[in-house]
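As structure tokens, the structure follows; a few thoughts come after it.
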2 protein chains.
Amino acid sequence: MYERKIPELLDCGLAVSIKVIGGKWKAWIIDCIRRGVRRPSAIHKEMHEVAPRIINMHLKELEEYGLIYKKVYAEIPARVEYCFTEVGYSVLPVVDILEKWGNEHKEYIYQHKEGYQADSCPFERKTA
Amino acid sequence: MYERKIPELLDCGLAVSIKVIGGKWKAWIIDCIRRGVRRPSAIHKEMHEVAPRIINMHLKELEEYGLIYKKVYAEIPARVEYCFTEVGYSVLPVVDILEKWGNEHKEYIYQHKEGYQADSCPFERKTA
DNA sequence: AGCCATAGGGAAAAAATTTTCCCTGCCTGC
DNA sequence: GCAGGCAGGGAAAATTTTTTCCCTATGGCT
């Protein structure tokens, strides 16, 4: 296990939210589960560009935070499903809003970054 | 300059949003500017636990994305202020929502992570 | 000449995250 | 036997992000 060297400040709401859904793939995993893709192997197939190991790690993290919980069916072969807790459901609108804002502004951000030079500015410039 | 080895997928709204406000301190910087703390040195003082270098880098990134822009006053000593663009203003409600969600659930997440064991679960357990 | 403030960046170290590789175990089917 | 699917993790490498250290330049003050 990896041990942090610098303590996190989790008393701030912003930090908590970023921590929970800020991982590279966590929001996608949340989206998978929401769409009914609940089994690890199924999620792995959906996100074929991501290594299963990482998805497992993110799933575990989300489980630790209490956003999802694990149902282990006593079937053969082993069958596992991840479902949202109450708090897990409460994060869905937040994910939606992020998704929405990103989609509405991605072209702007793209183009701005393309055309960006240290001395160009969309508004006033070097006020005299 | 650092060059990425793995290209980013910025066609997804979620990725864009996380990229823009997901940095370790970017949301705080945005909050500073919103509260009227617009000069680099002033932001540095507000965020005294963060190295100025990082704040400068984040500011530059936010400027590249077109969320903020730089006003350079021809004064002595040099005077710089960062202000929101239209798109910058549009991200404020998103930040608010993250902050709000985090504050509402941080205790839960805290406690859950504390008491977490691989085989405890707040709901059903190991469905037969 | 010092030292203060302003704004800013290069280089490298440190830390954190992500990724790859390979292993455990169970069972099914061939 | 061997191969496949299932769920999962340890160790180390690779990548990315964050941090520290030190530098640029301007001008004011003593």
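Confirm whether A:Ile29 is more than 11 Å from DNA strand D (Cβ to nearest atom) and in a helix (DSSP H, G or I).
So A:Ile29 passes the test.
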Practice task
Could you please find all residues in segment A:68-96 being of a type outside the set (A, V, I, L, M) and either on the phi > 0 side of the Ramachandran plot or assigned to a strand (DSSP E or B) (or both)?
Solution key: A:Tyr69, A:Lys70, A:Lys71, A:Tyr73, A:Arg79, A:Glu81, A:Tyr82, A:Cys83, A:Phe84
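Scan segment A:27-38 and tell me whether some residue there is among the aromatic types (Phe, Trp, Tyr), more than 9 Å from chain B (Cβ to nearest Cβ), touching a residue at least 12 places away in the same chain (Cβ under 8 Å) and closer than 24 Å to B:Val16 by Cα.
Quick first cut of segment A:27-38, residues among the aromatic types (Phe, Trp, Tyr) only: A:28.
Within this subset, residues satisfying the condition of being more than 9 Å from chain B (Cβ to nearest Cβ) are none.
Looking through segment A:27-38, none of the residues is among the aromatic types (Phe, Trp, Tyr), more than 9 Å from chain B (Cβ to nearest Cβ), touching a residue at least 12 places away in the same chain (Cβ under 8 Å) and closer than 24 Å to B:Val16 by Cα.
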Practice task
Any chance you could count how many residues in segment A:37-66 are under 26 Å from B:Tyr110 (Cα atoms), charged (D, E, K, R) and within 11 Å of DNA strand C (Cβ to nearest atom)?
Solution key: 2
Fill in the blank from the handout: Picking from B:Glu64, B:Glu46, the residue that is within 11 Å of another protein chain (Cβ to nearest Cβ) and more than 8 Å from DNA strand D (Cβ to nearest atom) would be B:Glu64
Problem - Subset of segment A:97-128 [more than 7 Å from every other protein chain (Cβ to nearest Cβ), in a helix (DSSP H, G or I) and at pLDDT below 95] - result: A:Glu107, A:Gln111, A:Glu114, A:Gly115
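The values are calculated or read from the model by the stated rules, or taken from the named source; none is laboratory data. Because the structure is predicted, anything quoted here is derived from the model rather than measured. Note that we place each Cβ from the backbone using ideal geometry, even for glycine, and neighbour counts take in every protein chain shown.
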